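For reference, the structure discussed in these notes is given below.
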Amino acid sequence: MSDNPFKIIEPREELPENLRKDVMGSVKTVVLMLRFVQLFVGDFSAVIIEKLSRSNKSSDNDES
């Protein structure tokens with residue numbers, strides 16, 4: 001039987017420095033892209049919640 005590919009990583013083990021730099025660079029790129037989207041699109045979650053609350057209020061008024 002082969003070794004378990006999901007072996008437990010001991011806390012004393014450290015990641016190679018080049019892997020750490022690659023991951024942090026990717027995270028920084030994603031954060032930068034999200035900030036640009038937020039800058040030009042705005043807070044889309046607030047817009048969706050506002051639209052839903054408006055539609056609920058209008059449907060409540062229609063029922064009365």
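The values are calculated or read from the model by the stated rules, or taken from the named source; none is laboratory data. Treat the numbers as computed from the prediction; the structure is a model and nothing was measured. For neighbour counting, all protein chains shown are included, and Cβ atoms are generated from backbone atoms with ideal geometry for every residue, glycine included. Note: areas computed on protein heavy atoms with side chains; ligands, DNA, RNA excluded. Shrake-Rupley method; radii C 1.70, N 1.55, O 1.52, S 1.80 Å.
Just one of (1) open to solvent by less than 100 Å² (accessible area, probe 1.4 Å); (2) at pLDDT below 85 fails for Val31. It is (2).
Which residues, counting only those in the stretch 37-56, are in a helix (DSSP H, G or I), within 16 Å of the chain's Cα centre (by Cα) and surrounded by 10 or more Cβ atoms within 10 Å (Cβ to Cβ)? Once the filter is applied, which keeps residues that are in a helix (DSSP H, G or I), within 16 Å of the chain's Cα centre (by Cα) and surrounded by 10 or more Cβ atoms within 10 Å (Cβ to Cβ), the stretch 37-56 yields Val37, Gln38, Phe44.
Of all the numbered requirements in (1) open to solvent by less than 90 Å² (accessible area, probe 1.4 Å); (2) under 22 Å from the mean Cα position of the chain (by Cα), Pro16 misses one, and that requirement is (2).
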